[in-house]
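See structure below.
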Amino acid sequence: MSKKGQLKREIADCEREISALEHKRERSQSALMRAMLAKQKPDPQDEEFFRVFSALIDDTRTRLRALIAELEQLQAPKKEKKNKK
């Protein structure tokens, strides 16, 4: 399996994971907003879900950026060779 192919699959997996986590975080975010608009104290469980999903999203985005940088480094030598021709 080529390194580039593996990186592209991992990047796609990260993007799907971020999308799923953001969707899950929206549920707790809407519950927090509803409580705020009703001037009520939010449910601590909703607050915790929001924090946990936000942290997971941040970690996955950091990993995504690292994978993209690694892929760009692998592709950089080809670009330099094309420019020399």
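Computed quantities for the displayed model
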read-out: Matching residues, region 31-65, being in a helix (DSSP H, G or I), open to solvent by less than 60 Å² (accessible area, probe 1.4 Å) and free of Cβ contacts under 8 Å to residues at least 12 places away in the same chain; value: Ala35, Ala55
read-out: Identity of the residue in region 1-30, polar (S, T, N, Q) and in a helix (DSSP H, G or I), that ends up surrounded by the most Cβ atoms within 10 Å (Cβ to Cβ); value: Ser28
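The values are calculated or read from the model by the stated rules, or taken from the named source; none is laboratory data. Predicted model only: the values in this text are computed from it and were never measured. Methodologically, a virtual Cβ is constructed for each residue, glycine included, from the backbone with ideal geometry; neighbour enumeration extends over all protein chains shown. Accessible surface areas use protein heavy atoms only, side chains included; no ligands, DNA or RNA. Shrake-Rupley method; radii C 1.70, N 1.55, O 1.52, S 1.80 Å.
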